[in-house]
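Undergrad: So that we are looking at the same thing, I have put the structure below in C-alpha cells.
The values are calculated or read from the model by the stated rules, or taken from the named source; none is laboratory data. No experiment lies behind these values; they were computed from the predicted model shown. Here the Cβ is made from the backbone with ideal geometry for all residues, glycine too, and neighbour counts use every protein chain on show.
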Amino acid sequence: MRTRAKGLLAAVVALTASALMFLASPASAATLTEVTNFGTNPSNLRMHLYVPDNVQARPGLLVALHWCTGTGPVFHRDTQFAQLADRHGFIVIYPTANRSSQCFDVYTQQALTRGGGSDPVGIRSMVGYVQSRYNVDPNRIFAAGMSSGAMMTNVLLALYPDVFRAGAAFAGVPYTCFRTTGGSEWSTECANGQIIRTPQQWGDAVRNAYPGYTGPRPRMQLWHGTNDDALRYPNFTEEIKQWTNVHGLNQTPVFTDSPGSGQTRTRYGGTGGQAPVEAISMQGVGHNLPINATEAIRFFGLNAAPPTSPPPSSPPPGGSTTRYEAEASPAVCTGTIDSNWSGYSGSGFCNGGNAAGAYAQFAVNAPAAGTATLRVRFANGVTTARPASLIVNGATVQTPSFEGTGAWSTWMTKTLTVTLNAGGNTIRLNPTTANGLPNIDYLEITTSS
Ligand code: GCU
Ligand code: CA
C-alpha cells in the first residue's frame, strides 16, 4: 500500500501539471454528466458520460480509465479525450473506482473472471447502457487508461473480446499479472517487474478468460517509460508477449520507427497504423508518461469518418412490417446489450436485469390508429417461463409469458395483437417476476392498412 501511495501519488501530481500545461485549447463544449442506475454494478462504480454536441448518428464509444487516486471527472479534465470526442463525434465513458485507494480492481479473482463481478462487470454495464441509448457502432468500442486504468484496459480486453475492438494502455501490466490473494490491492511482485512468463503462458491466461471464444481479438497499443518506478518497465515486454501471443504472432516486430524524441515504436502483425499490436517505449520517462490521446484515437480509428449509416426509417406504410432492434436507440434496455449468444438479428440483444421491472422498451411508429401485430423475438435458456406486462403507451394491455426456448441461443417469436395510436407509440415489456425478461432480440410490428 505504502509503495503504491507514494509512487503513484507523486506520478499523478506530475502528470496533472504536465497535462494542464498542454491543454491550451478551451475545455470541451458539452458537459460531463453522471449516470446512475446503469445496470449491474457490484462494486458501486460511478459513471460519468461525455456525449459531444455533434455526436455521430452511429458513434464510436471509448471507456477512459483513471489512475489510482484519480476519478472519472479528473481524468476527463486532465486528458484530451473529450476534446477529441468534440472533434470526431464519439462518446466517452469515465468510470470512477469506489474504494479508498481509488484504484480499479485488477487483482481479485472476481475482477479477473468474465462476468465474475467487481469493477469489470460495472464497466461492462456502462457500455451496455450507452449502447442501448446512443445507437453505438459495436465495431467501434474501445478502452484506454493510465496506470491503474491501463491495467484495467488489459483486463477488459481479456475478459470482453466480444465488446472491445482495441485498447490503449499507458503504463500498465498484463492481464492477471496483478492477481493477489487475501484481498491485497497491490502486487509488489508484478509492480516491480518480477513476474516474467512465456508468451504462451500470458496468451493462455487471456484465452482461459473466455473459453470457447473464437471471434476476433482486440488490437492493443502499449505505452511505457523505461524509468517507470511504479509499474516497472519489464511489464511492457510482458504485455507485448501477451497480446502478440493472443493474436498468434511472434515477438519480432515487423516495423520499427521513432515517432517522437526518445520514442521507439514497434508493430507486430502489421506495418500500418492499425497493426494488431503496437508498442511505444519512451526512453528515460518515468511512470508519469504523457497520455497521447491523439495517438490512441488514431490507433482506434475514431478519428476517421464513420461508416455510412442507412437513413432513418420513416413511418411504414399500411400493411408493412418494421423491425425494431432491442439493442439500438431509441429502444431502452434495462440491463446490458449482449452478443454472447448467437442467432440474434442486428448487433446484439437486450439482456434485461434479472429483476421485476427491468424492462425493454421500444419506440414504434404506426401510420394510422388501429390494430397492429407485434412479434417479439426472444430466448429463454431456463425452464421457467418469464411473464411480463405488455405496456402500450403507459397502459398494461396483456401479460404474455415467455416460455423456455431450450437454450439461450435458441430464439423464438411470440405474436401479440395490440392497438396503436397514429404516429409514435411506446411499447414496454415489463417483467413481473424476479427472473426478469428473457433475452429480447427485437420487436417487429405489422400494421394493417
Ligand atoms: C445467463 C445468460 C444471459 C441471460 C441470463 C438470465 O446469464 O447468459 O444471456 O440473460 O442468464 O437468466 O437472464
Ligand atoms: Ca437476463
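Undergrad: When you check residue 377 against the structure, is it charged (D, E, K, R), under 21 Å from residue 353 (Cβ atoms) and within 12 Å of ligand 1 (Cβ to nearest atom), yes or no?
TA: Working: charged (D, E, K, R): yes; under 21 Å from residue 353 (Cβ atoms): yes; within 12 Å of ligand 1 (Cβ to nearest atom): no.
No; evaluated as a whole, the condition is false for this residue.
Undergrad: Any chance you could count how many residues in region 407-449 are over 28 Å from the mean Cα position of the chain (by Cα), within 16 Å of residue 352 (Cα to Cα) and more than 13 Å from ligand 2 (Cβ to nearest atom)?
TA: Qualifying residue count, region 407-449: 1.
Undergrad: Of the conditions (1) surrounded by fewer than 19 Cβ atoms within 10 Å (Cβ to Cβ); (2) in a strand (DSSP E or B); (3) among the polar types (S, T, N, Q), residue 354 fails just one. Which one is it?
TA: (2)
Undergrad: Next question. Tell me, yes or no, whether region 402-412 has at least one residue that is crowded, with 18+ Cβ neighbours inside 10 Å, within 22 Å of residue 337 (Cβ to Cβ), touching a residue at least 60 places away in the same chain (Cβ under 8 Å) and within 15 Å of ligand 1 (Cβ to nearest atom).
TA: Yes.
Undergrad: For the condition away from ligand 1 (no atom under 13 Å from the Cβ), small (Gly, Ala, Ser), on the phi > 0 side of the Ramachandran plot and at pLDDT below 95, what is the one hit in 301, 346, 318? Walk me through it before giving the result.
TA: Values: 301 fails: at pLDDT below 95; 318 fails: on the phi > 0 side of the Ramachandran plot.
Exactly one residue qualifies, and that residue is 346.
Undergrad: Take the conditions within 16 Å of ligand 1 (Cβ to nearest atom), at pLDDT 95 or above and touching a strand residue (DSSP E or B) at 6+ places or on another chain (Cβ under 7 Å) and apply them to residue 296. Does it pass?
TA: Working: within 16 Å of ligand 1 (Cβ to nearest atom): no; at pLDDT 95 or above: yes; touching a strand residue (DSSP E or B) at 6+ places or on another chain (Cβ under 7 Å): yes.
No: the conditions fail for residue 296.
Undergrad: For the structure I just gave you, tell me whether residue 157 is more than 30 Å from residue 57 (Cβ to Cβ), aliphatic (A, V, I, L, M) and either under 26 Å from the mean Cα position of the chain (by Cα) or part of a helix (DSSP H, G or I) (or both). Full working, then the answer.
TA: Details: more than 30 Å from residue 57 (Cβ to Cβ): no; aliphatic (A, V, I, L, M): yes; either under 26 Å from the mean Cα position of the chain (by Cα) or part of a helix (DSSP H, G or I) (or both): yes.
No, not satisfied.
Undergrad: Residue by residue through region 138-154, note down the ones that are under 13 Å from the mean Cα position of the chain (by Cα) and part of a strand (DSSP E or B). Before the answer, list the steps.
TA: So the first thing to find is which residues in region 138-154 are under 13 Å from the mean Cα position of the chain (by Cα), and the list is 138-145, 152-154.
If the condition is that a residue be under 13 Å from the mean Cα position of the chain (by Cα) and part of a strand (DSSP E or B), then 141, 142, 143, 144, 145 are the ones that fit.
Undergrad: Looking at 127, 163, 121, 106, can you tell me which residue is β-branched (Val, Ile, Thr) and in contact with a Pro (Cβ under 6 Å, 6 or more places away or on another chain)?
TA: Matching residue, one of 127, 163, 121, 106: 121.
Undergrad: Among the residues of region 328-373, count how many are farther than 21 Å from residue 418 by Cβ and in contact with a Cys (Cβ under 7 Å, 6 or more places away or on another chain).
TA: 2
Undergrad: Another one. State all residues of region 358-384 that are within 16 Å of ligand 2 (Cβ to nearest atom) and surrounded by 15 or more Cβ atoms within 10 Å (Cβ to Cβ); if no residue qualifies, say none. Explain how you work it out, then say what you get.
TA: Step one: filter region 358-384 for residues within 16 Å of ligand 2 (Cβ to nearest atom), giving 358-361, 376-384.
Scanning region 358-384 gives 358, 359, 360, 361, 376, 377, 378, 379, 380.
Undergrad: Is it true that residue 149 is among the small types (Gly, Ala, Ser), modelled with pLDDT of 95 or more and surrounded by fewer than 23 Cβ atoms within 10 Å (Cβ to Cβ)? If you could, list the steps in order and put the result at the bottom.
TA: On the way: among the small types (Gly, Ala, Ser): yes; modelled with pLDDT of 95 or more: yes; surrounded by fewer than 23 Cβ atoms within 10 Å (Cβ to Cβ): no.
So residue 149 does not fit the description; no.
Undergrad: Just give me the residues in region 328-343 being within 13 Å of ligand 1 (Cβ to nearest atom), closer than 23 Å to residue 389 by Cβ and in a loop (DSSP other than H, G, I, E, B), in sequence order.
TA: If the condition is that a residue be within 13 Å of ligand 1 (Cβ to nearest atom), closer than 23 Å to residue 389 by Cβ and in a loop (DSSP other than H, G, I, E, B), then 334 is the only one that fits.
Undergrad: I'm trying to understand the selection: among the residues of region 197-212, which are outside any helix (DSSP H, G or I) and more than 15 Å from residue 179 (Cβ to Cβ)?
TA: Residues satisfying the conditions are 198, 210, 211, 212.
Undergrad: Hey, residue 347 hits all of (1) under 26 Å from the mean Cα position of the chain (by Cα); (2) more than 16 Å from ligand 2 (Cβ to nearest atom); (3) in a strand (DSSP E or B) but one; which does it fall short on?
TA: Here residue 347 clears every test but (3).
Undergrad: Here's a follow-up. What are the pairs, 6+ residues apart or on separate chains, where a residue within region 102-124 that is at pLDDT 95 or above has its Cβ under 6 Å from a residue that is within 16 Å of ligand 2 (Cβ to nearest atom)?
TA: 110/117; 117/42; 118/42; 121/40; 121/42; 122/41
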